[in-house]
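What follows is a set of notes on a single structure, which appears directly below.
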Amino acid sequence: MAEAGGEEFAIEDLSNSQRRALEAGRVPPSMETDGEPNAAAKFWLKKYGCKR
C-alpha cells in the first residue's frame with residue numbers, strides 16, 4: 001500500500017480498466033471530481049510518471 005498526503009492507495013483497489021487508463025496517462029471518469037482527477041488518480045498518475 002502506498003501513502004500520499006496521509007491517504008493510502010492500494011493498487012488492488014483499482015479496476016483493470018482504471019489501471020490501464022492511468023498507465024496510459026488518462027484519468028478514468030470514475031476517478032474524477034468536477035472534471036479534475038481525484039487524490040487517488042493524481043497519486044497513480046504521478047507514480048506512473050504521467051501528469052495532467
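Every read-out reported here was derived from the displayed coordinates using simple, explicitly stated rules and does not represent laboratory data. On a predicted model such as this, the values are computed, not experimentally measured, just so you know. Neighbour counts run over all protein chains shown; Cβ positions are idealised from the backbone, glycine included.
Would you mind getting the Kirkwood hydrodynamic radius of the range 2-47 from its Cα pairs, rounded to one decimal in Å? Working shown, then result.
Details: mean 1/r = 0.0944 Å⁻¹.
Kirkwood radius, the range 2-47: 10.6 Å.
Grab the beta carbon distance between Asp34 and Ile11, set R0 = 30 Å, and tell me the FRET efficiency rounded to 0.05.
0.75
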